[in-house]
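Take a look at the structure set out below.
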Amino acid sequence: MVDKSSNMIPLGTKAFDFNLKDVITNSSKTLKDIHAEIGTVIVFIRNKCPYVEHLLEKLIDLAKEYLPKKISFVAINSNAPEMYPDDTAEEMKKFAKKHSFPFPYLDDPTQVAAKGFGAACTPDFFLFDKDLKCVYRGQFDPSRPDNDHPVTGENLREALDALLANKKVPQKQFPSHGCRIKWRE
């Protein structure tokens, strides 16, 4: 495991448009398909990352809480599957079903989405407003597998609540930290 922090793209950056396969439904999804009326959360994950495993249950709970509030969620796996067999589309589908994902799980084998969003690690969170401009990027919360901070999703939750209240999302944001995305050579 090689640790990496997120790149922290500039706030206001427009969301990258994509067309990726949802391994759960076996259908293509574009940014337009997953875009929601209030906001859109895009998180880069992978199946075998201790940082993702550490917060996955709380991420799923958070998504279930905010999906009815016109906030969409989508997870994207951009690891090179030929180098990491745990990240093939078939394994992604098993992983999503095992954890009952309430959101699409998109396969990015060419890594075009990871590069387009400036993703660097797993998990790496991005929140876009109704105009698909980035209002939050960074960590779920300060919890890591090796510290005692509880997994709460407090940083992402604060941004989501501000967006829902039509208030400015706090500008003090902290990078996510996790496993580096495994780039093609």
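The values are calculated or read from the model by the stated rules, or taken from the named source; none is laboratory data. Note that the coordinates shown come from a computational prediction; the quantities given were computed from them, not determined experimentally. Here the Cβ positions follow ideal geometry from the backbone for every residue, glycine too, while neighbour counts run over all protein chains shown.
Here is a check on your reading of the model: is Asp129 farther than 20 Å from Tyr51 by Cα and in contact (Cβ under 8 Å) with a residue 60 or more places away in the chain? Here the answer is yes, as Asp129 does meet what is asked. All conditions in (1) of a type outside the set (Gly, Ala, Ser); (2) more than 14 Å from the chain's Cα centre (by Cα); (3) buried (at least 17 other Cβ atoms within 10 Å of the Cβ) hold for Leu59, with the sole exception of (2). Name the residues in segment 104-128 that are out of contact with any Asp or Glu (no Cβ under 6 Å at 6 or more places or on another chain), under 20 Å from Asp86 (Cα atoms) and in a loop (DSSP other than H, G, I, E, B), would you? Once the filter is applied, which keeps residues that are out of contact with any Asp or Glu (no Cβ under 6 Å at 6 or more places or on another chain), under 20 Å from Asp86 (Cα atoms) and in a loop (DSSP other than H, G, I, E, B), segment 104-128 yields Asp108, Pro109, Thr110, Gln111, Ala119, Ala120, Pro123.
Would you be able to say whether some residue in segment 96-109 is crowded, with 16+ Cβ neighbours inside 10 Å, under 15 Å from the mean Cα position of the chain (by Cα), closer than 28 Å to Lys14 by Cα and charged (D, E, K, R)? The answer is yes; a qualifying residue exists. Within segment 1-46, the set of residues being at pLDDT 95 or above and of a type in the set (S, T, N, Q) comprises Thr13, Asn19, Thr25, Asn26, Ser27, Ser28, Thr30, Thr40. Being touching a helix residue (DSSP H, G or I) at 6+ places or on another chain (Cβ under 7 Å), in contact (Cβ under 8 Å) with a residue 60 or more places away in the chain and in a loop (DSSP other than H, G, I, E, B) is a condition met by no residue of segment 154-167.
Considering (1) within 15 Å of Val52 (Cα to Cα); (2) surrounded by fewer than 20 Cβ atoms within 10 Å (Cβ to Cβ), the lone condition that Ala75 does not fulfil carries the number (2). Among what's in segment 151-180 and is surrounded by fewer than 20 Cβ atoms within 10 Å (Cβ to Cβ) and touching a Ser or Thr at 6+ places or on another chain (Cβ under 6 Å), pick the residue that is nearest to Phe44 (Cα to Cα). My answer is His177. Among the residues of this structure, Ala114 counts as one that is farther than 24 Å from Pro170 by Cα and at pLDDT 95 or above.
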